[in-house]
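**Q** Encoded as structure tokens, here's the structure I'll be asking about.
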Amino acid sequence: MRIIDLRSDTVSLPTPQMRRAMAEAELGDDVFGEDPTVNRLEQLAAQMLGKEAALFTASGTMSNLVALLTFCGRGDEVVLGNESHIFNNEVGGAAALAGVQLRTAPNTPDGKLPLQAVEACFRGPNIHFPPVRLLCLENTHNRCGGAVLSAQDMGAMAAVARRHEAAVYLDGARIFNAAVALGCEARDLAREADAVSFCLSKGLACPAGALLCGSQDFIARARKNRKMVGGGMRQAGVLAAPGIVALETMVARLTEDHDNARLLAQGLCDLPGLEIDPRTVRSNIVAVTVNGLPAPELQQRLEERGLRASFMGGPRLRFVTHYGIWRDDIERALEIVWECLPK
Ligand code: TLP
């Protein structure tokens with residue numbers, strides 16, 4: 001039985017070209033700055049994101065942690081959405097390891113933060129208050145169903161932070177999905193933030209890795225923080241090599257994932273007991289509300305028939321399209337969901 005694994009785009013496997021690039025990569029010790037493949041990847045990432053420099057990290061989680069360590073000191077406050085990945089899915093590392101206090105503003109379903117709510121998070125100079133150092137945005141927005149934020153929307157939220165002399169960070173784990181969906185360049189979105197990270201190991205199909213991009217000075221300090229959290233990876237060129245292939249060949253392909261996600265959403269919205277507005281699906285994530293049976297039970301039934309989805313809490317399941325999933329798989333997935341729903 002072919003397993004259709006839509007739990008996440010993180011399950012995507014590297015392309016044959018990536019495997020060859022890994023085998024043939026020129027290597028050195030990256031802690032000494034001597035891995036030519038890592039250096040090339042960092043230069044390429046910085047250029048594509050429109051920033052002065054970039055830093056290769058082990059994962060999106062590590063990039064986000066290193067960013068918090070670099071922007072903030074202990075006890076500083078960070079404003080972010082209540083549905084953000086940093087707040088929900090990073091094991092509390094912001095508090096445990098970066099020592100920052102997180103203050104959430106409520107995300108709207110389209111992944112934005114109401115400007116008034118952001119404004120209300122910025123405290124004044126009162127002696128009792130922590131300094132509010134940073135605003136974190138996310139694009140595409142994972143828990144908001146892969147919502148795509150325009151440069152204009154991001155700019156409006158960023159402007160509030162800037163008025164209060166705070167910095168702006170973008171968790172752009174899937175920024176290339178956002179750019180492709182908007183028909184713009186990733187740098188057009190990254191421009192709104194002082195620093196941005198993106199993942200290689202999601203829609204871009206690499207085995208591991210993320211890049212944190214920002215000013216020369218920021219990245220120099222981030223490099224030290226990466227070392228502090230154990231992220232100095234020596235001959236990391238074996239992991240950077242597929243990253244170069246990904247940036248050169250895998251970005252435009254993301255539209256296929258978006259088409260497949262839309263097809264899935266259109267099919268799901270016609271099925272009894274499922275709630276999803278296909279017009280809200282603009283990238284590769286389909287978050288659906290399940291009525292009539294508990295979402296984990298539907299997830300289990302799907303699993304037994306070879307379709308994997310992830311549980312988002314409450315009544316929601318998530319399907320994510322990615323490299324290695326074809327239109328036929330989506331058609332089969334819809335049949336499986338239909339078979340599993342109570343009639
Ligand atoms: N997200 C994963 C899970 O952790 C939920 C997924 O399957 O979607 N920022 C965002 C917006 C993310 O969605 C993720 C991963 C990360 C950061 C962290 O990346 P990793 O898991 O590679 O450290």
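No value in this document is a laboratory result; all are computed from the given coordinates. Computed from a predicted model, the values in this text were never measured in an experiment. Because the Cβ atoms are built from the backbone with ideal geometry, glycine has one as well, and the counts that use them run over all protein chains shown.
**Q** Find the Rg to Rh ratio for segment 134-195, where Rh is the Kirkwood radius over alpha-carbon pairs and Rg uses the same atoms.
**A** Over the Cα atoms of segment 134-195, Rg/Rh equals 0.95.
**Q** Rounded to the nearest 0.05, what FRET efficiency do Gln300 and Ala23 give with R0 = 51 Å and r taken as the Cβ-Cβ distance? Could you check?
**A** Approximately 0.80, to the nearest 0.05.
**Q** Now for a different question. Between Met228 and Ile3, take the C-beta separation as r, use R0 = 45 Å, and let me know the FRET efficiency to the nearest 0.05.
**A** 0.70
**Q** Another question, then. If the viscosity is 1.306 mPa s and the temperature 10 °C, what Stokes-Einstein diffusion coefficient in µm²/s follows for the chain when Rh is the Kirkwood radius over Cα pairs?
**A** The estimated diffusion coefficient comes to 77 µm²/s.
**Q** Given Val66, Ala210, Ala179, which one lies farthest toward the positive end of the charge dipole of segment 14-249, if we put +1 on the Cβ of every Lys and Arg and -1 on the Cβ of every Asp and Glu?
**A** Val66
**Q** If each residue of separation counts as 0.36 nm, what is the full-extension length gain between Ile127 and Arg332 once their alpha-carbon separation is subtracted?
**A** Here the answer is 67.8 nm.
**Q** Okay, next question. I want to check the label-to-label distance for His164 and Gln47. Put each point 7 Å from Cα in the C-beta direction and report it in nm to one decimal.
**A** 3.8 nm
**Q** Can you list the HN-Hα couplings for segment 191-206, worked out from phi with the Karplus curve (6.51, -1.76, 1.60; θ = phi - 60°), rounded to whole Hz and with x for Gly and Pro?
**A** 4, 6, 10, 6, 9, 8, 10, 9, 9, 8, 9, 10, x, 7, 6, 6
**Q** When the chain is fully extended, how far beyond the present Cα-Cα distance does Leu13 get from Phe32, taking 0.36 nm per residue of separation?
**A** Using 0.36 nm per residue and subtracting the Cα-Cα distance, I get 3.9 nm.
**Q** Another question about this same structure. If you place +1 on the Cβ of every Lys and Arg and -1 on the Cβ of every Asp and Glu, how big does the dipole about the Cα centre of segment 130-219 come out, in debye to the nearest 20?
**A** Dipole of segment 130-219, to the nearest 20 debye: 160 debye.
**Q** Moving on. Compute, for the chain, the length of the dipole vector about the Cα centre, with Cβ point charges of +1 (Lys, Arg) and -1 (Asp, Glu) only. Units Debye, rounded to 20.
**A** 480 debye
**Q** Only bridges with both residues in segment 14-249 count here: give the DSSP antiparallel percent, nearest 5.
**A** Of all bridge pairs located within segment 14-249, approximately 40 percent are antiparallel.
**Q** Using a Gaussian network model of the chain whose springs link C-alpha atoms within less than 10 Å, name the residue from Asp194, Asp328, Asp30 with the highest mean-square fluctuation.
**A** Asp328
**Q** From the Cα gyration tensor of segment 103-239, with a ≥ b ≥ c the square roots of its eigenvalues, which class applies: rounded if a/c is under 1.5, or else prolate if a/b is larger than b/c, or else oblate?
**A** The shape class here is oblate.
**Q** Magnitude of the Cβ-charge dipole of segment 1-152, K/R +1 and D/E -1, about the Cα centre, nearest 20 debye?
**A** Rounded to the nearest 20 debye, it is 480 debye.
**Q** What list do you get for Met250, Met1, Met22, Met228 if you sort them by fewest beta carbons within 10 Å?
**A** Lowest count first: Met1, Met228, Met22, Met250.
**Q** Would you be so kind as to identify which of Phe198, Pro130, Leu271 lies farthest towards the positive end of the dipole of the chain, taking Lys and Arg as +1 and Asp and Glu as -1 on Cβ and the Cα centre as origin?
**A** The residue sitting most towards the positive pole is Pro130.
**Q** Name the long-range amide H neighbours of Gly81: under 5 Å, sequence gap of 5 or more, or other chain; modelled H, no Pro or chain starts.
**A** Here Ala105 satisfy the definition.
**Q** Sticking with this one: Using the Kirkwood radius built from alpha carbon pairs, what does the Stokes-Einstein equation give as D for segment 1-134 at 10 °C and 1.306 mPa s, in µm² per second?
**A** 87 µm²/s
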